[in-house]
Amino acid sequence: MLQTKYGTTIEVDIHGLTAREAKRGLEQLLSHADKGITEIRVIHGYNGGQVLRDMVRKELKHPRISAKLISLNPGETRILLK
């Protein structure tokens, strides 16, 4: 899981992971992310990324998540944090 930090945003690329691996990694990231982080952009892919996309948009739950936004890029989901 490749992570890049841009100010208060972390971009995470979950290409190539199983849904289970990606969910576990994202849950750990959400639990340990600095309080100054306000957004996580998850790159899950579009053509072969439906399983990952659905996991991020429908199954991923965490107390720090305040909203999930569908990006103009269909291979990306934005997660806003509390």
TODO: Scan the range 63-73 residue by residue and report those that are surrounded by 14 or more Cβ atoms within 10 Å (Cβ to Cβ) and not in a strand (DSSP E or B).
DONE: R64
Open item on the list: Suppose we filter the range 6-34 for residues that are farther than 19 Å from G45 by Cα and without any contact (Cβ under 8 Å) to a residue 12 or more places away in the chain; how many remain?
Closed with: 5
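Taking the range 11-31 as the region of interest, how many residues are small (G, A, S), in a loop (DSSP other than H, G, I, E, B) and closer than 16 Å to L60 by Cα?
Qualifying residue count for the region: 0.
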TODO: Inspect all residues belonging to the range 34-47 and state whether any of them is more than 13 Å from the chain's Cα centre (by Cα) and among the charged types (D, E, K, R).
DONE: yes
- [ ] Within the range 32-54, count every residue that is of a type outside the set (V, I, T) and outside any loop (DSSP other than H, G, I, E, B).
- [x] 7
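Would you confirm, using the coordinates I've provided, whether I14 is at pLDDT 95 or above, buried (at least 17 other Cβ atoms within 10 Å of the Cβ) and over 11 Å from I79 (Cα atoms)? Give the derivation first.
Numbers: at pLDDT 95 or above: yes; buried (at least 17 other Cβ atoms within 10 Å of the Cβ): yes; over 11 Å from I79 (Cα atoms): yes.
Yes: the conditions hold for I14.
The values are calculated or read from the model by the stated rules, or taken from the named source; none is laboratory data. Predicted model only: the values in this text are computed from it and were never measured. Positions of Cβ are backbone-derived with ideal geometry, glycine not excepted, and every protein chain shown enters the neighbour counts.
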